[in-house]
Amino acid sequence: MIDLKDFEYKELEDHLIGLGEKKFRAAQIYKWLHMGVESYDEMTDISKQLREKLKEESYVSTLAVEEKYVSAIDGTVKYLFRLPDGNCIESVVMRYHHGLTICISSQIGCRMGCRFCASTIGGLQRSLTAGEILNQVIFAEKDMGERISNIVLMGIGEPLDNYENVLKFIRNVSHEKGKNIGLRHITLSTCGVVPGIYRLAREQLPITLTISLHAPNNEIRDTLMPVNHKYRIEELLSACDEYVKATGRRLSFEYSLIHGVNDSLENAAELASIVRPLHAHVNLIPVNKIKERDFRKGSKNEINAFLARLTALGVNATIRRELGSDISASCGQLRKKKIDSQTREDQSADTHV
Ligand code: SAH
């Protein structure tokens, strides 16, 4: 069975023509699907005959809200969605002055192995389809009852490790006949999959690219991010340079501050020297504690001193505001909790037998 939300607009048109239908049906069906109908019967301007035909060959994919948390501190909403195959994914909706931003997942688990990240514990289950990525936006927007204006691909998974589906999703969610979210309002975050960055540069899309750098040199980056063994910092920076030249877009770097690992003032100076030529913005994220790892953040003073050093060296940098800290809103934490609790249930069930 196919999920029509995996099709781009043009593909849907061709598909319908293949079924003997008129081209304009694509606009109607695309609109309904992207509005979040849960069955073909809700498509009231489509004939019963066509609805039956569609049911025979395809299905309307949906997401079930398994758990939902609303932060008492800042209203951040975190969803744990359950997919039809039983897997869970997370999405977070944050409220900023310019509207709602959703942080979505691109894979179930992740194979990149970053040492500080909860999403990677347990490895990669599978990549999400284009429709499954889109459904997070559709169902969160429906649930919030309010338009989502910005998307960040910073949830579970490495978007450039699921390149085709992520690009399909980006083209669909920005399509004028669908959610019509501007490409400039979409941010893709990568741990540094270099070939993917070159490929993305060639797409010439005005999305925002952000690179999870987290270290100012190969020595430190090797200890934190296995991807660095494959693509060294120099290669990564060349790819970034090419991206900026090809697209005319600035990019930004994410840098998780981990106490005693990458947060000294020398580290700040080294970081400044590598990002300055790219005129890139640096987003500092005091590392979130996860229970499997012993990384911790420095004091407020230390974090501010790091920022001050970067700024003094001419780097445009900010500290990421922490949202939803009372609801485990950082990527991978909820899914991990769910898996842990299910494993515990299974184990106790075993002991009863
Ligand atoms: N795979 C992509 C996107 C997902 S992670 C990437 O690596 O960019 C989104 C961001 O959160 C990344 O910068 C990631 O390195 C960071 N991150 C993951 N775990 C973290 C933690 N415990 N503390 C702070 N930042 C973390």
In region 1-34, trypsin sites (Lys or Arg not before Pro) in a DSSP loop with at most 11 other beta-carbon atoms within 10 Å
Lys22, Lys23
Please give the contour-minus-distance gain from Phe24 to His259: 0.36 nm per residue of separation, less the Cα-Cα distance, rounded to one decimal in nm.
78.8 nm
One computes Rg over Rh for the chain from alpha-carbon atoms, with the Kirkwood Rh, and obtains 1.00
C-alpha long axis of helix 194-203 to longest principal axis of the chain, angle in °
50
Dividing the helical contributions, -39500 (n - 2.57) per DSSP H run of n ≥ 4, by the residues of the chain yields a 222 nm value, nearest 500 deg cm²/dmol, of -12000 deg cm²/dmol
Cα gyration tensor shape of region 2-59, rounded if a/c is under 1.5, else prolate or oblate by comparing a/b with b/c:
rounded
Which of Asn304, Asn150, Tyr9, positive extreme of dipole for the chain (C-beta unit charges)
Asn304
Between helix 130-144 and the chain, what is the angle of the helix's C-alpha long axis to the longest principal axis, kept within 0 to 90° and rounded to the nearest 10?
90
Counting only protein chains, not ligands or nucleic acids, how are Met94, Met43 ordered by accessible area (probe 1.4 Å), most first?
Met94, Met43
Please give the length that would be gained between Asn316 and Leu183 if that part of the chain were fully extended, namely 0.36 nm times their separation in residues minus their C-alpha to C-alpha distance (nm, one decimal).
45.6 nm
I'd like the FRET efficiency for Lys55 and Arg147, computed as 1/(1 + (r/R0)^6) with the beta carbon distance as r and R0 of 45 Å, rounded to 0.05.
0.90
Antiparallel DSSP beta bridges within the chain, percent to nearest 5:
45
Zone reached by a paramagnetic label modelled 7 Å from Glu266 Cα along Cα→Cβ, restricted to region 282-304 with backbone N below 19 Å, covers 298, 302-303
Within 10 Å, count the other beta carbons around each residue, average over each peptide in 258-267, 50-59, 147-156, and list them highest first.
147-156, 258-267, 50-59
Of the GluC sites (Glu not before Pro) in region 153-227, those whose Cβ has at most 10 other Cβ within 10 Å and which sit in DSSP loop
Glu176
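Relative contact order for region 90-146 using alpha-carbon pairs under 8 Å, separation at least 6, rounded to a whole percent?
Relative contact order comes out at 28 percent.
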In degrees, nearest 10, range 0 to 90: what is the angle between the Cα axis of helix 265-275 and the longest Cα principal axis of the chain?
50
Once you've got the Cα coordinates, tell me which of Lys68/Lys289; Lys168/Lys230; Lys78/Lys338 are over 24 Å apart.
Lys168/Lys230
Which GluC sites (Glu not before Pro) in region 77-148 sit in a loop by DSSP (not H, G, I, E or B) and have at most 16 other Cβ atoms within 10 Å of their own Cβ?
Glu146
Between region 145-170 and region 1-61, the Cα center-to-center distance that results, in Å
23
Sequence neighbours fewer than 8 away in the same chain don't count; with that in mind, list the lysines whose C-alpha is under 20 Å from Lys53.
Lys5, Lys10, Lys22, Lys23, Lys31
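The values are calculated or read from the model by the stated rules, or taken from the named source; none is laboratory data. For clarity, every value in this text was computed on a predicted model and none was experimentally measured. All Cβ positions, even for glycine, are placed from backbone atoms using ideal geometry, and neighbour counts span all protein chains on display. Side chains included, ligands, DNA and RNA excluded: accessible areas come from the protein's heavy atoms. Shrake-Rupley method; radii C 1.70, N 1.55, O 1.52, S 1.80 Å.
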